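See structure below.
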Amino acid sequence: MAKAKKQTARGRKQDRARVAGGQKYEVSYEAKKTRRSASAVKKAVKKVGSSRKKVERKLKLKRK
């Protein structure tokens, strides 16, 4: 069986630029970071897509 490749710096950077709305730890991290509920984060991901910048912007705009 082939050995798994090590993730490159580019791959990690691209991975951090996205929020996986279906993964509990990603949603809870973003919820804690923005002080919003997990359901609010999931709704934001559904509305604006998985881009972390867009999700954070959406959650901060809702807060005001």
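The values are calculated or read from the model by the stated rules, or taken from the named source; none is laboratory data. These numbers were taken from a predicted model, which means no experiment stands behind them. Reconstructed Cβ throughout: ideal geometry from the backbone, glycine too, with neighbour counts over all protein chains shown. Ligands, DNA and RNA are stripped out before the accessible areas are found, and what is left, the full protein with its side chains, is counted by its heavy atoms. Shrake-Rupley method; radii C 1.70, N 1.55, O 1.52, S 1.80 Å.
With 0.36 nm allotted per residue and the present C-alpha distance subtracted, the Q14-V48 stretch has 10.5 nm of extension available.
This structure gives log10 I(q)/I(0) by the Debye sum over Cα atoms at q = 0.13, 0.22 Å⁻¹, computed directly, and of [x] -0.38, -0.83; [y] -0.30, -0.85; [z] -0.40, -1.09 that value is listed as [x].
Relative contact order of the chain, taken over Cα pairs closer than 8 Å and 6 or more residues apart, is 29 percent. Residues whose amide H falls under 5 Å from that of R18, counting only those 5 or more places apart or on a different chain, are R52, with hydrogens built in the peptide plane.
The portion of the accessible surface of the chain made up by carbon and sulfur, rounded to a whole percent, is 53 (1.4 Å probe; DNA, RNA and ligands excluded). Normalised per residue, the accessible area of the chain is 87 Å², obtained with a 1.4 Å probe and no contribution from ligands, DNA or RNA.
The charge dipole of the chain, taken about the Cα centre with unit charges on the Cβ atoms of Lys, Arg (+1) and Asp, Glu (-1), comes to about 280 debye, rounded to the nearest 20.
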